[in-house]
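Contents: one structure, followed by commentary.
No lab work stands behind these numbers, since they all come straight from the coordinates. Being a predicted model, the structure only gives us computed values, none of them experimental. Reconstructed Cβ throughout: ideal geometry from the backbone, glycine too, with neighbour counts over all protein chains shown.
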Amino acid sequence: MTLTSPAHNAVVQVLPLAKDLDENKVTPGVLGFIVFAAMGLAVWMLLKSMHRHMNKVDFEEAPPAGAAPEGDGTAGRSPGPGV
């Protein structure tokens, strides 16, 4: 005499239904779509936030030490032959 558990009975009842499924046609379903949509929404929100933060940045590179300041009339000239 063997005793069967309720879990075993549930598996035995569901097992025939699983054989009707075609393994090549199983899809992620609604839960997969919801997870994918949530990830897409999160990426969109992150990109929007990054764009907002990058617009706040006001960066001007300082000229190298010893460089001539702009507007002194030396722009566009090539250095002399001895340089």
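At a glance:
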item	result
Extension gain (nm, one decimal) between His53 and Ala67, 0.36 nm per residue minus Cα-Cα	1.9 nm
Relative packing of peptides 47-58, 30-41 - highest average C-beta neighbours within 10 Å first	30-41, 47-58
